[in-house]
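Report on the following structure.
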Amino acid sequence: MTLLIKNGRVIDPASGTDETLDILIDKRKIAVIKPKIEIEAKKIIDASRLVVAPGFIDMHTHLRDPGQENKETIHSGSLAAAKGGFTSIACMPNTLPVNDNRGVTEYIISEAKKSAVVNIFPIAAVSKDQKGKELTDMADLVDAGAVAFSDDGLPVKQSHIMRRALEYSKLLNTLIIDHCEDKSLTQDGVMHEGYYSYLFGLSGMPASSEEIIVARDLILAEKADARIHIAHLSVKGAIDYIREAKKKKVKVTTEVTPHHLLLADSSLESYDTNLKVNPPLRSKDDVEALVKAIKDGIIDVIVTDHAPHTLDEKNVELDNAPFGINGLETAVSLILDKLVYKNIIPLQKFIEMISTTPAIILGLENKGKIKVGVEADLTILNLHKETVVDIEKFKSKSQNNPFHGWKLIGAPVMTIVGGKIVYSE
Amino acid sequence: MPFVHKHLLGIQHLTASEILTILDTAESLFEISTREVKKVPILRGKTIINLFFEPSTRTRSSFELAAKRLSADIINFNRQTSSVVKGESLKDTVLNLEAMNPDALIIRHFAAGTPHYISTFCRSHIINAGDGAHEHPTQALLDAFTIRQAKKNFKDLKVVIIGDILHSRVARSNIFCLNKLGAKIILSGPPPLLPLEFKKFGVDIDFNLDRAIKGADVIMMLRIQLERQQKSSFPSLREYRNLYSLTKKRFRRAKKNAIIMHPGPINRGVEISAEMADSAKSVILKQVENGIAVRMAILYILLGGKERDSID
């Protein structure tokens, strides 16, 4: 089976490529990359006026499988990913049961082999049952296929446990990802604490709850000389700590979501539960600081934090709704329109942040690059295509997305995983 | 100026003249409650449901009497004996009640924004009777009515609001309301319950009550929620009483003809001394009485329709 992609603008930040090239895929792998390949291929794709990028990687997804298959399954989540332009996704361990042992990791991998159309990389829990008391059998989990460790939304509370996890992660050359939240400060909060939480009468989640844990993690990572990845950065104060740490060569990387880049706390005026997310939508100043941090190279990765919830769960009073936004199918178009099309960040930079860099951070050697011999995972973009976000058309099982109705310019139009077209307009 | 809103969700989005329209209407309806036969047929045939998800005696009875004095039929929904305890969602509960064709739903709920949320899928008029720490519009309106009764107008009145501002829907609605009417507002309370960002609402803040109360025309005490102390929002009730209780000594710093207000229920001896609560300066029971007229006005304005001219 051969597939020839002709005349695409090939952008591969890993090799610094940005030119019109043809790509020949043979038996799942990239076989030839050069201008004007003249060969009889089984299938030819005309990519004129399109961008061919290394497959996008979402290193922060929630698939709800096992346990909450009414919200999302590995199958449905992978379809949503493919439609959103992602060829690989890393899924968080907060399933039922928690992915804290080889059995669950193996289940995810085998179910993905059976039913997923994109690559699925499990992230295992740092502590047993995400309880923050005992470390999981991390070596066994790495052996089973876990690519990183995180206690996700129930972040490791005890500094001592985080310290040990960071130290132990070096043995395995693996990565600890932390959702930075001091829950004793956020308590029953439902939105960012500040003028708007006071105005709307909603319980606040102060910026300090994130800043404190970011600062702690940076100190612990520095002392342990271990890698730490800060999940979904959202406040200016935390950016400043990371900027300083990077100057000191602390091994820190960090990520941001489209919703934290595009929406602010004032939007909660509608009490729309689709705007309830953790970390919460922050102040306008924080939003501006996040965009600047991308430009300054402080933020490394763009992630979705795809968190599917059923309509019924979200169709309640704001206080009672679960946190989370369904993001796989809107992330790429949102960034293409709001940041790339508007010339806030260059396209190459965006591709680097959503493919090249996450592959490096997760240690996925043959991902995030367009190179002869690697698995042919490719994302094809049409920068001029106009779309309207329509939750009714989501491939995801859930529709909890606040961008419904937004008109966006730029969209993924084809997704290729291992040489196979898994999504096409 | 006509009142153009379908619902009463809060004070924040009302104009000063809309607020005055409500107060004027309340004034003309006030007299009905003093008659021997306390009933007029203005809302005959209208159905209203009191939908209270939080305990309330004052507000619920006040709405009930207001509706009855206008001849509307009103029923009370009680959370404890409802399907909510069987796990029915709020939306299902409301849709089921709405299937019985009420004209208005009066909502009290512990979650901020709930009346707003209900208004997104409901046909009926929605009246907010208190949503979480957000708004309590009829309380602010009856407070404004009471202040006007005592002080004639609002311009340059110094109003001090004291207590747990952070968690108080009464404070928020009063800030919005009295600001629009031209009063000068000072907030006082312990810093953990009074974030400085409240200044952006156009008020002054003084944590020191003895200073804040100086020259006040209106002293509005808020109920201190005893459970807040368990959340360490302040050290102890003893400390709170020492710093923020309205005592005779403190009251002397206010203007001679100052009035004392409280939305109730009061914690005697905590935020207000019994002596002050029962003093001639207290208008606490007037607030309760006026509450009925104000709520009659709201029901009349929202549900009155064509019969509006027949008020006299």
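Could you grab me the full set of residues in the range A:2-43 that are of a type in the set (A, V, I, L, M, F, W, C) and touching a residue at least 60 places away in the same chain (Cβ under 8 Å)?
Within the range A:2-43, the subset of a type in the set (A, V, I, L, M, F, W, C) is A:3-5, A:10-11, A:14, A:21, A:23-25, A:30-33, A:37, A:39, A:41.
Passing the criteria: A:3, A:5, A:10, A:11, A:14, A:23, A:25, A:30, A:31, A:32, A:33.
Which residue out of B:171, B:183, B:150, B:112 is at pLDDT 95 or above and under 16 Å from residue B:263 (Cα atoms)? Walk me through it before giving the result.
Details: B:183 fails: under 16 Å from residue B:263 (Cα atoms); B:150 fails: under 16 Å from residue B:263 (Cα atoms); B:112 fails: under 16 Å from residue B:263 (Cα atoms).
One residue alone meets the criteria, B:171.
Taking the options B:70, B:90, name whichever one is of a type in the set (A, V, I, L, M) and away from every other protein chain (no Cβ under 13 Å). Even if it seems obvious, please write down each step before you answer.
On the way: B:90 fails: away from every other protein chain (no Cβ under 13 Å).
The unique qualifying residue is B:70.
Counting just the residues of the range A:128-142 that are acidic (Asp, Glu) and part of a loop (DSSP other than H, G, I, E, B), which one comes out nearest to residue A:174 (Cα to Cα)?
Looking at the filtered set, the residue picked out is A:137.
I'd like the residue in the range B:98-118 that is touching a His at 6+ places or on another chain (Cβ under 8 Å) and within 15 Å of residue B:75 (Cβ to Cβ) and, out of all such residues, is nearest to the other protein chains (Cβ to nearest Cβ). If you could, list the steps in order and put the result at the bottom.
Quick first cut of the range B:98-118, residues touching a His at 6+ places or on another chain (Cβ under 8 Å) only: B:103-105, B:112-113, B:115.
Then drop every residue that is not within 15 Å of residue B:75 (Cβ to Cβ), which leaves B:103-105.
Values: B:103: 23, B:104: 20, B:105: 15 Å.
It comes out as B:105.
Provide a single number: the residues in the range A:264-291 that are touching a strand residue (DSSP E or B) at 6+ places or on another chain (Cβ under 9 Å), away from every other protein chain (no Cβ under 14 Å) and either small (Gly, Ala, Ser) or in a loop (DSSP other than H, G, I, E, B) (or both).
Going through the range A:264-291 one residue at a time, the tally reaches 7.
Report whether or not residue A:73 is surrounded by 22 or more Cβ atoms within 10 Å (Cβ to Cβ) and among the β-branched types (Val, Ile, Thr).
It is false that residue A:73 is surrounded by 22 or more Cβ atoms within 10 Å (Cβ to Cβ) and among the β-branched types (Val, Ile, Thr).
Does residue A:46 satisfy the condition of being touching a residue at least 24 places away in the same chain (Cβ under 8 Å) and not aromatic (Phe, Trp, Tyr)? Even if it seems obvious, please write down each step before you answer.
On the way: touching a residue at least 24 places away in the same chain (Cβ under 8 Å): yes; not aromatic (Phe, Trp, Tyr): yes.
Here the answer is yes, as residue A:46 does meet what is asked.
Within the range A:292-312, how many residues are buried (at least 19 other Cβ atoms within 10 Å of the Cβ), of a type in the set (D, E, K, R) and either within 14 Å of another protein chain (Cβ to nearest Cβ) or in contact with a helix residue (DSSP H, G or I) (Cβ under 7 Å, 6 or more places away or on another chain) (or both)? Write out each step before concluding.
To start, the set of residues in the range A:292-312 that are buried (at least 19 other Cβ atoms within 10 Å of the Cβ) comprises A:293-294, A:298-309.
Pick out the ones that are also of a type in the set (D, E, K, R) and you get A:300, A:305.
Right, trim to either within 14 Å of another protein chain (Cβ to nearest Cβ) or in contact with a helix residue (DSSP H, G or I) (Cβ under 7 Å, 6 or more places away or on another chain) (or both) and you get A:300.
Of the residues in that region, 1 qualify.
Can we say residue A:78 is more than 16 Å from residue A:414 (Cα to Cα), modelled with pLDDT of 95 or more and not aromatic (Phe, Trp, Tyr)? So that I can check it myself, show each step before the final result.
Numbers: more than 16 Å from residue A:414 (Cα to Cα): no; modelled with pLDDT of 95 or more: yes; not aromatic (Phe, Trp, Tyr): yes.
Considered against the rule, which asks whether it is more than 16 Å from residue A:414 (Cα to Cα), modelled with pLDDT of 95 or more and not aromatic (Phe, Trp, Tyr), residue A:78 comes out as no.
Determine which single condition residue A:67 fails, assuming it passes every other condition in (1) in contact with a Pro (Cβ under 8 Å, 6 or more places away or on another chain); (2) not assigned by TED's automatic domain parsing to the domain that holds residue A:136.
Here residue A:67 meets the rest and fails (2).
Quick grid of which residues meet (1) more than 26 Å from residue A:254 (Cα to Cα); (2) surrounded by 21 or more Cβ atoms within 10 Å (Cβ to Cβ):
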site	(1), (2)
A:363	no, no
A:373	yes, no
A:380	no, yes
A:385	yes, no
A:394	yes, yes
A:410	no, yes
A:421	yes, no
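Scan the range A:140-152 and give yes if some residue there is closer than 26 Å to residue A:297 by Cα, more than 14 Å from chain B (Cβ to nearest Cβ) and either among the basic types (Lys, Arg) or surrounded by fewer than 18 Cβ atoms within 10 Å (Cβ to Cβ) (or both), otherwise no.
No: zero hits.
Looking at the range B:1-25, I want the residues that are more than 14 Å from chain A (Cβ to nearest Cβ) and surrounded by fewer than 17 Cβ atoms within 10 Å (Cβ to Cβ) and have a partner that is assigned to a loop (DSSP other than H, G, I, E, B) and not aromatic (Phe, Trp, Tyr) with Cβ atoms under 6 Å, at least 6 apart or on another chain. Which pairs are those?
B:16/B:181; B:17/B:1
To keep it simple, each residue is scored yes or no on (1) of a type outside the set (Lys, Arg); (2) within 14 Å of chain A (Cβ to nearest Cβ); (3) touching a Phe, Trp or Tyr at 6+ places or on another chain (Cβ under 8 Å).
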position	(1), (2), (3)
B:188	yes, no, yes
B:192	yes, yes, yes
B:207	yes, no, no
B:220	yes, no, no
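Looking at the range A:37-62 only, could you name the residues that are touching a Ser or Thr at 6+ places or on another chain (Cβ under 7 Å) and part of a loop (DSSP other than H, G, I, E, B)?
A:41, A:42, A:55
Looking only at the range A:254-263, decide whether some residue is at pLDDT 95 or above, in a helix (DSSP H, G or I) and of a type in the set (S, T, N, Q). Give the derivation first.
Applying the first criterion (at pLDDT 95 or above) to the range A:254-263 yields A:254-263.
Narrowing further to those that are in a helix (DSSP H, G or I): A:258-262.
Still in the list and also of a type in the set (S, T, N, Q): none.
Looking through the range A:254-263, none of the residues is at pLDDT 95 or above, in a helix (DSSP H, G or I) and of a type in the set (S, T, N, Q).
Looking at (1) touching a Pro at 6+ places or on another chain (Cβ under 6 Å); (2) assigned by TED's automatic domain parsing to the domain that holds residue B:177, which is the only condition residue B:142 fails?
(1) is the only condition that residue B:142 fails.
Please enumerate the residues belonging to the range A:396-408 that are surrounded by 17 or more Cβ atoms within 10 Å (Cβ to Cβ) and out of contact with any Pro (no Cβ under 6 Å at 6 or more places or on another chain).
Narrowing the range A:396-408 to residues surrounded by 17 or more Cβ atoms within 10 Å (Cβ to Cβ): A:396-403, A:406, A:408.
The answer is A:397, A:399, A:400, A:401, A:402, A:403, A:406, A:408.
Output the residues belonging to the range A:249-282 that are crowded, with 20+ Cβ neighbours inside 10 Å and either touching a Pro at 6+ places or on another chain (Cβ under 6 Å) or among the hydroxyl-bearing types (Ser, Thr, Tyr) (or both).
A:253, A:254, A:257, A:271, A:273, A:274, A:275
Identify, by number, the condition in (1) surrounded by fewer than 21 Cβ atoms within 10 Å (Cβ to Cβ); (2) more than 16 Å from residue A:181 (Cβ to Cβ); (3) within 14 Å of chain B (Cβ to nearest Cβ) that residue A:222 doesn't meet.
Only one criterion in (1) surrounded by fewer than 21 Cβ atoms within 10 Å (Cβ to Cβ); (2) more than 16 Å from residue A:181 (Cβ to Cβ); (3) within 14 Å of chain B (Cβ to nearest Cβ) is unmet by residue A:222, namely (3).
The values are calculated or read from the model by the stated rules, or taken from the named source; none is laboratory data. Small disclaimer: the values here were computed from a predicted structure and weren't measured. Cβ: placed from backbone, ideal geometry, glycine included. Neighbour counts: every protein chain shown.
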